[in-house]
Amino acid sequence: MTTTEYGRVITVRNGIEGPRHDPYGWEELTVQRPNGCWCYRTGGLGYIKISRNEGIMFEQNDDTKPGAEKEAIDFFARMTGLTPVQWLRTEMRLNRRCPSCGAKGYHLVGGYPGEEMIICDGCEHVVGSNFNDAAII
Ligand SMILES: [Zn+2]
């Protein structure tokens, strides 16, 4: 899914990698900025990679290391202006409209492990859910 607003492009992708008998989920957030195309990638294998125009700018292979994720998020926010979660919220706002009331605002509510429900701000209608396989593998 791709969205453009004020010249920005936000792309979110996810998939599966690793051996067929033991696959891991990965997620990628890519944002186009004046200073390059930034990608924030996390995988169930426990890595975080940030690249700019496909060149690795930050790499952490053990996301359980204290502070590793915060360091990655801070770096991404410094380079792109927003944290990955803020970019995802932006993407969500731009792409979804409540089928019940037409409102464009949403908030997330945690459900089962790895699952988030997307709730309409206008009428509390559940408009969708995000599911991260990597969180439960
Ligand atoms: Zn609604």
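Since every read-out is calculated from the coordinates, none of them should be taken as a lab result. As the structure is a prediction and not an experimental result, all values here were calculated from the model. Neighbour counts run over all protein chains shown; Cβ positions are idealised from the backbone, glycine included.
Here the simple spin-label model places points 7 Å from the Cα toward Cβ, and for E17 and M57 these points are separated by 1.9 nm. Ordered by the number of other Cβ atoms lying within 10 Å of each residue's own Cβ, fewest first, E116, E54, E71 fall into the sequence E54, E71, E116. Placing unit charges on the Cβ atoms of the charged side chains and taking the dipole of region 12-120 about its Cα centre, the candidate lying farthest along the positive direction among H21, P99, G43 is P99. Taking amide H atoms as placed 1.01 Å from N in the peptide plane, the amide H of R33 lies under 5 Å from those of W38, each 5 or more residues away in sequence or on another chain. Computed from backbone phi with θ = phi - 60° and the Karplus coefficients 6.51, -1.76 and 1.60, the 3J(HN,Hα) list for region 81-88 is x, 9, 6, x, 5, 5, 5, 5 Hz; x is used for glycine and proline.
Neighbour counts of C-beta atoms inside 10 Å place I16, I118 in the sequence I16, I118, starting with the fewest. 3J(HN,Hα) couplings calculated from phi for region 51-61 with the Karplus curve 6.51 cos²θ - 1.76 cosθ + 1.60 (θ = phi - 60°) are, in sequence order, 10, 10, 6, 6, x, 5, 10, 8, 9, 9, 9 Hz; Gly and Pro show x.
In terms of other Cβ atoms within 10 Å, I119, I56 run from fewest to most in the order I56, I119.
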